[in-house]
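The values are calculated or read from the model by the stated rules, or taken from the named source; none is laboratory data. All of these numbers come straight from a predicted model, not from anything done at the bench. Here the Cβ positions follow ideal geometry from the backbone for every residue, glycine too, while neighbour counts run over all protein chains shown. Accessible surface areas use protein heavy atoms only, side chains included; no ligands, DNA or RNA. Shrake-Rupley method; radii C 1.70, N 1.55, O 1.52, S 1.80 Å.
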Amino acid sequence: LYNGDLYNELTPKSSDPDYLALVSKTMIDSMKQADPDAVWVLQGWAFHFGDDVWGPAQMQAHLGAVDDDHMIILDLYDDVRPIWHTKKSFYGKPFIWCELLNFGGNLGLNGRMKTIMFEPREAAAKSSMSGIG
């Protein structure tokens, strides 16, 4: 498993789908040169921002350039703002339903118990979710 967050709170140089697909293909090809079984772990956090950049064509190009068995997405902050609902379950890419408790100065152990109890089950039944994190 290899992390590679190219656009975490950053805007891509171009929103052209061909450009985004090429960057993704280059990233996974580089990982696979070092490890043919590489799996790119990508934070979905970037998709919280820039709906003008991450439209359907852009997301499909960016994610679709990598085979499903070589990418998994961390859908961070699912307990508050799940992305899989609005981004078509990452167009079939496997993802991990995540709860993000500690960021931006938010400290402490807490949670939205009803959400944590029911939302992962819903995601598992209606999406490409492959785990909880």
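When residues of the range 32-90 are filtered for being assigned to a loop (DSSP other than H, G, I, E, B) and on the phi > 0 side of the Ramachandran plot, how many remain?
2
Looking at the range 92-105, is at least one residue surrounded by fewer than 19 Cβ atoms within 10 Å (Cβ to Cβ) and either more than 30 Å from MET117 (Cβ to Cβ) or among the basic types (Lys, Arg) (or both)?
no
For the condition open to solvent by less than 60 Å² (accessible area, probe 1.4 Å), at pLDDT 95 or above and either over 20 Å from ASP5 (Cβ atoms) or of a type in the set (Asp, Glu) (or both), what is the one hit in ASP68, ASP35, ASP79, ASP18?
Result: ASP35 is the single residue among ASP68, ASP35, ASP79, ASP18 that is open to solvent by less than 60 Å² (accessible area, probe 1.4 Å), at pLDDT 95 or above and either over 20 Å from ASP5 (Cβ atoms) or of a type in the set (Asp, Glu) (or both).
Cβ-Cβ under 9 Å, sequence separation 6+ or interchain: first residue in the range 14-34 and among the charged types (D, E, K, R), partner open to solvent by less than 40 Å² (accessible area, probe 1.4 Å) and assigned to a helix (DSSP H, G or I). Which pairs?
The qualifying pairs are ASP16/GLN58; ASP16/ALA61; ASP18/ALA61; LYS32/HIS70.
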